[in-house]
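Colleague: Below you will find the structure I want to go over with you.
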Amino acid sequence: MRATQGIPARTNQIFMTFSNITKKIAFTLTISFALMLGAVQASGQELTARKHGTIREQVEQSALHQHQLQVQEILNYAYQFRGVPYRHGASSPRAFDCSGFTSYVFKRFGIQLDRRSGAQINDGRRVSRSELRPGDLVFFNGRAVNNRIGHVGIVTEVDGNGTGFRFIHAAVHTGITVSHSSESYYSRRYMGACRVVE
């Protein structure tokens, strides 16, 4: 009878031990799963960051994208006037001189430029030739080669090797046209550049 009476007690002890083991296993599995889930989420966030960049990088990329869109709109507007004749002192769709053309185009986008080419170089931030990008203003000597600015145009394209650029401007003989900085008339007259659209 004693042996028989001890069986339930041992059974209950075994059951309690088994229950405790089960709880420990469940707790361990829960912790392991939580850690694994956290690692997966962290990995996913890291992949997202790699794909899209940091918040700062995303803001910078967005700002650059907006800048590129604005510049493209400016250039598209400027291209509309190709072929319009040159006339000294003119600043209308019927005729332009060089600074009249640049000031007219930028005014369309809320950017006020001085009417004189020699003063427009101070309307933006000076940039070196190696820093040029579309939308920048480029300045040249006038027909007399000296140290005074006498001509201005808008950069439309920069060569891949950074050695030259194309620009749209009001030329005396051809009116609104696109030229290249390597053309002999302009290559020896280049004086500097500024950026009015940041």
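Colleague: Here is a list of conditions, (1) without any contact (Cβ under 8 Å) to a residue 40 or more places away in the chain; (2) under 18 Å from residue 198 (Cβ atoms); (3) surrounded by fewer than 16 Cβ atoms within 10 Å (Cβ to Cβ), and residue 126 meets all of them except one; can you say which number that is?
Modeller: The single condition residue 126 does not satisfy is (1).
Colleague: Let me ask you something else. Can you report the number of residues in the range 112-148 which are in a strand (DSSP E or B) and modelled with pLDDT of 95 or more?
Modeller: Matching residues across the range 112-148 total 7.
Colleague: On to the next question. So is residue 99 out of contact with any Cys (no Cβ under 7 Å at 6 or more places or on another chain), in the same structural domain as residue 136 (by TED's automatic domain parsing) and hydroxyl-bearing (Ser, Thr, Tyr) or not?
Modeller: yes
Colleague: What is the one condition in (1) part of a helix (DSSP H, G or I); (2) crowded, with 19+ Cβ neighbours inside 10 Å that residue 73 does not satisfy?
Modeller: (2)
Colleague: Moving on to the next point. Looking at (1) in a loop (DSSP other than H, G, I, E, B); (2) in contact (Cβ under 8 Å) with a residue 24 or more places away in the chain; (3) within 19 Å of the chain's Cα centre (by Cα), which is the one condition that is false for residue 154?
Modeller: (1)
The values are calculated or read from the model by the stated rules, or taken from the named source; none is laboratory data. Model, not experiment: these values are computed from the prediction. Ideal geometry is used to build each Cβ from the backbone, glycine not excepted, and the neighbour counts take in all protein chains shown.
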